[in-house]
Amino acid sequence: MIIECTSCGARAKLPDSKEGAKVRCGECSHIYVATPPGARRGSKARKQDPTKYFIGGGAVLVFGLVMLMVTRGNNDPPPVVDAAPPVVDEDTAPSTGWDSPHVLFARQMHELAFSRNTSKLFVLLDFAKVRDHEVTSAAAASVGEEQPATLAGWTGLDGEAQTSYRNKIVDDLTSTEAEMAVSTWKPYDGDIVAETENSAIVHLHVQSRSGDPDLSDRWMEWEFLRGTDMRWKAWRWERWISPEEQKRERAKRTKKTVRKTLADGSEVIEGVVREEIAYHAETTPEQITEIESLIGQLINTEARPKEITAARSRLEELGKHAVPGLLKRMGGIPLESEENAIQLNLIHMLLSDITEYQTTFVVHVAMGGTQERIDSGIKQWFGWYDRKWKRFWREVDEKEEEIDPFWDNPSYKPRNENERMRMEKLRRKAEGGR
């Protein structure tokens with residue numbers, strides 16, 4: 001049956017067997033007798049003999065005094081049934097969407113968390129289910145890992161521990177600290193995505209209550225369960241990544257590079273400068289350790305020239321294995337001093353030798369570059385890595401095995417800087433690395 005609060009008018013659904021019982025309104029907490037609205041209106045509409053009102057009033061007064069005496073002699077208060085979340089008549093209520101019963105329930109949870117109405121939250125949460133879900137999730141996440149201890153399920157907690165756990169869950173819901181704290185997100189759209197007689201899953205589209213423009217709208221997923229007492233309770237709430245969000249994230253990851261035209265008309269491709277670049281799977285831990293040490297020696301401005309040259313030669317021998325390490329170190333050196341500029345230039349020249357790729361980077365504007373071309377030159381290295389690293393790794397061995405056409409014609413003259421550097425590299429190799 002549908003009942004209506006006599007104080008605020010909010011409607012709720014209860015089993016027919018609860019007619020006549022005292023209920024607490026899910027909206028305003030007013031306690032009233034569960035009676036179908038139509039029945040109450042009908043009784044008021046009928047004309048009554050005034051005498052009956054006096055007789056009935058006296059009877060009610062006597063009955064009230066008797067009940068007061070009985071109540072005082074009994075420490076247990078009369079049972080009060082908590083009304084379910086507000087609903088509309090089943091004939092007009094949508095089965096899904098913003099105004100459907102389960103979406104209204106999810107919306108109510110956000111408002112209760114925001115207003116810190118902890119008393120209602122304690123009533124509307126299935127703490128046993130919440131705990132068991134937490135234990136199951138922790139076990140699934142730790143597959144293959146050694147765990148120091150196993151979380152106890154709800155029945156494994158004593159009374160004090162259960163009380164403490166209830167308080168923790170309600171505190172988490174009303175907290176404003178976590179990124180997806182329920183209290184900090186306001187729903188504005190939603191729908192039921194799955195429903196059975198005793199369970200339901202709801203998706204809510206939410207926006208940050210803070211108004212922070214950097215916090216994009218997102219989705220929350222709620223799951224409800226109806227217990228043996230026919231009351232619905234929440235037991236799971238977490239962020240849900242929609243297919244549209246997944247698509248946008250994939251696009252962000254894919255589009256790491258941008259094509260840019262510099263002030264002098266040069267067209268370049270830039271990437272995001274970063275310090276986190278993984279070594280190739282074929283690079284051994286021993287090689288990684290050696291590469292990191294050699295790079296430190298290469299850019300040590302206090303090292304002797306002989307030490308720097310030795311480090312450079314060894315890194316060039318390691319070739320493609322050293323490229324990620326060089327880029328990582330380049331991404332971690334800010335271009336804010338002469339010493340940093342020298343370090344960046346040493347890495348830049350070695351990368352050019354290994355990859356045969358050139359960017360607009362020069363060590364200083366006095367050497368013919370502009371500040372824009374210098375800054376862009378660093379970004380161009382990361383653009384090269386994002387676009388060509390995988391292909392470079394596959395092809396570099398084949399290039400080394402090829403017979404270089406430059407040597408077929410002794411009178412060949414380099415046409416550009418890349419060819420000149422390549423010829424110098426081949427000449428050094430032919431001369432034993434001198």
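FYI, it's all coordinate maths here, none of it is from the lab. Remember, it's a predicted structure, so these values are computed and weren't measured experimentally. Note: ideal-geometry Cβ built from the backbone for every residue, glycine included; neighbour counts use all protein chains shown.
Rank the residues VAL258, VAL363 as a footprinting-exposure proxy: fewest other Cβ atoms within 10 Å of their Cβ go first.
Ranked by crowding around the Cβ, least crowded first: VAL258, VAL363.
Using Cβ contacts closer than 10 Å as the measure, can you line up TYR279, TYR32, TYR385 from fewest to most?
TYR32, TYR279, TYR385
Once the piece of chain linking THR228 and LYS168 is laid out straight, how much longer is it, given 0.36 nm per residue of separation minus the C-alpha distance between them?
19.1 nm
Give me the percent relative contact order of region 258-402, please, defined on Cα pairs under 8 angstrom at least 6 residues apart.
Answer for region 258-402 is 28 percent.
Using a basic spin-label model with each label point 7 Å from the Cα along Cα→Cβ, how many nm lie between HIS133 and THR370?
5.7
In region 169-183, which residues have a backbone nitrogen under 11 Å from the label point lying 7 Å from ARG209's Cα in the Cα-to-Cβ direction?
Flagged as within label range: 174-177, 181-183.
Kindly write out, for region 218-227 in residue order, the coupling ³J(HN,Hα) from the Karplus curve 6.51 cos²θ - 1.76 cosθ + 1.60 (θ = phi - 60°), rounded to whole Hz, with x marking Gly and Pro.
Using θ = phi - 60°, the values come out as 8, 10, 10, 10, 10, 10, 10, 9, 9, x Hz.
Per 0.36 nm of contour for each residue apart, how much would the distance between GLU419 and GLU307 grow if the chain were fully extended, relative to their Cα-Cα spacing?
37.6 nm
Label ARG428 and GLU195 with points 7 Å out from Cα along Cα→Cβ: what is the distance between them in nm?
7.3
How much length would be gained if the chain were fully extended between ASP264 and GLU245, taking 0.36 nm per residue of separation minus their Cα-Cα distance, in nm to one decimal?
Working it through step by step, the gained length comes to 3.0 nm.
GLU275 versus VAL123, label points 7 Å from Cα toward the beta carbon: distance in nm?
For the pair GLU275/VAL123, the computed spacing is 5.3 nm.
Which order results if ARG394, ARG274 are arranged by neighbouring Cβ count within 10 Å, fewest first?
Exposure proxy ranking, most exposed first: ARG394, ARG274.
Between THR96 and ARG236, what FRET efficiency comes out of the Förster formula 1/(1 + (r/R0)^6) with R0 = 25 Å and r the beta carbon distance, rounded to 0.05?
0.85
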